[in-house]
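The values are calculated or read from the model by the stated rules, or taken from the named source; none is laboratory data. Note that the coordinates shown come from a computational prediction; the quantities given were computed from them, not determined experimentally. With ideal geometry, Cβ positions are generated from the backbone for all residues, glycine too; neighbour counts draw on all protein chains shown. Side chains are part of the model used for accessible areas, which takes the heavy atoms of the whole protein and leaves out ligands, DNA and RNA. Shrake-Rupley method; radii C 1.70, N 1.55, O 1.52, S 1.80 Å.
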Amino acid sequence: METVVSGIRSTGKLHLGNYYGAVQNFVKMQHEYNCFFFIADYHSLTTHPTPDDLHGNVKQVLIEYLAAGIDPEKATIYVQSDVPQIAELYLFLNMNAYMGELERSTSFKDKVRSQPDNVNAGLLTYPVLMAADIIIHKATKVPVGKDQEQHLEMARTFGNRFNRLYNTEYFPESFAFSFSDKLVKVPGLDGKGKMGKSEGEANAVYLSDSVEVIRKKVMRAVSDSGPTEENQPKPEPIQNLFDLMKIVSSADTYSHFDELYNKCQIRYGDFKKQLAEDMIIATEPVREKINAIAADTDYLSKVAKLGAEKARESASKTIREVREIIGFRSF
């Protein structure tokens, strides 16, 4: 059975983009692959969270992973910092990662531009830590979006470099993997691009949002004054709302409003009310589970400990063998 590894940074709640773009596929994958799904709290340190934020965000992602249907008996769900072997492999790989290649990383260049007052070493070596996350379990499949493919290529580079340096075939190559033939891109409510945490609270609908909050967010979503000609192309903000409706609503509902738009008869108030109600219905089962699981601290503790044990078992074997390959010996 091939090994799949994927992680999500513990920087806040999961939104519809996370759910439809990734987590739903995780739920299906766990039945067919040896899956490791981790909460990337080491990675979140690059943005300097407070201790309360750090723990609270890790807990929230764990709750929502479980509520979405990831089964801790089938997949290994763990917190990155519960597996210290990852940090050790990160150190070993850093010794063979070169400044030039790290500085050429697209994500590093983007971070330098977006947060010039916080260009820390963790941002520079982010691809090395990501490589350690993947190859610690010898994963061959990694579900990533387009924006992470360069990092995955670098992970292959670091693994292959280790193999060449120590004349071994120890680390396998890992490749991007989409479990579903159909990639789901979930747009945000701000009229520009995809749904995301960094674009602000109003841009994203979170799995844990209350019914009232979902209605308010959708009603405030960016729209325009309406079509002026029949069958005219939809501008991006309107197309985004229709794309959201395609994800959460029935095909009949989508066709109804698409026809109204094409006939210049659409009323955005009615359209948004329908979109909000369909979002509420689509997320209701997960929302109810989030509330139930959040109240069960004993269960959360049990899941975290089980995941840490399973992940450490895999990671310990890798580190033990890597140390031997490098030449570390006990006296």
Query raised in the report: With charges only on Cβ, +1 for K and R and -1 for D and E, what is the dipole size of the chain about its Cα centre, in debye, rounded to 20?
Result: 520
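What order do you get for 156-165, 113-122 when each peptide is scored by the mean count of other beta carbon atoms within 10 Å, highest first?
156-165, 113-122
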Query raised in the report: Any idea what the relative contact order of region 185-296 is, in percent, if you count C-alpha pairs under 8 Å spaced at least 6 apart?
Result: 30
Query raised in the report: Hey, what's region 36-95 come to in accessible area per residue, 1.4 Å probe, Å²?
Result: 39
Query - Cα long-axis angle, helix 251-262 against the chain (0 to 90 degrees, to the nearest 10) - result: 60
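What does the net charge come to around Asn118 if you take all other residues with beta carbon closer than 15 Å to its beta carbon, with K and R at +1 and D and E at -1?
+1
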Query raised in the report: What shape does region 129-209 take by its C-alpha gyration tensor, where a ≥ b ≥ c are the square roots of the eigenvalues and a/c under 1.5 counts as rounded, a/b above b/c as prolate, and the rest as oblate?
Result: prolate
Query raised in the report: Using only helices, what value at 222 nm comes out for the chain when you add -39,500 (n - 2.57) per DSSP H run of length 4 or more and divide by the total residues, to the nearest 500 deg cm²/dmol?
Result: -16500 deg cm²/dmol
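Provide the percentage of antiparallel DSSP beta bridges, counting only those with both residues in the chain; round to the nearest 5. Kindly include the intermediate steps, with their values, before the conclusion.
On the way: 2 of 16 bridges.
If we restrict to bridges inside the chain, about 10 percent are antiparallel.
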Query raised in the report: For the Cα atoms of the chain, what angle does the longest principal axis make with the long axis of helix 51-68, in degrees from 0 to 90, nearest 10?
Result: 70
**Report entry** Cα-based shape type of region 70-192, given that a ≥ b ≥ c are square roots of the gyration tensor eigenvalues and the cut on a/c is 1.5
**Finding:** oblate
Report task. Could you tell me which label, among [x] 0.97; [y] 1.12; [z] 1.02, carries the value of Rg/Rh (Cα atoms, Kirkwood Rh) calculated for this structure? Result -> [z]
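Please report the relative contact order for the chain, taking Cα pairs under 8 Å with a sequence separation of at least 6, and give it as a percent rounded to a whole number. Can you show the working numbers first?
Numbers: 457 pairs, mean separation 73.0, N = 331.
About 22 percent, as a whole number.
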Query raised in the report: Near Phe328, within a Cβ-to-Cβ distance under 13 Å, what is the net charge of the other residues, with Lys and Arg +1 and Asp and Glu -1?
Result: 0
Requested in this report: Output the peptides 282-295, 99-112 sorted from most to least packed, where packing is the average of other Cβ atoms within 10 Å over each peptide's residues.
Outcome: 282-295, 99-112
Query raised in the report: Of Ala221, Gly269, Asn203, whose Cα points farthest to the positive end of the dipole of region 172-331 (charges on the beta-carbon: +1 Lys, Arg; -1 Asp, Glu; origin at the Cα centre)?
Result: Asn203
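So, by mean Cβ neighbours within 10 angstrom, what's the order for 133-141, 187-195 with the highest one leading? Walk me through the intermediate numbers first.
Working: 133-141: 23.2, 187-195: 19.4.
Peptide ranking by packing, descending: 133-141, 187-195.
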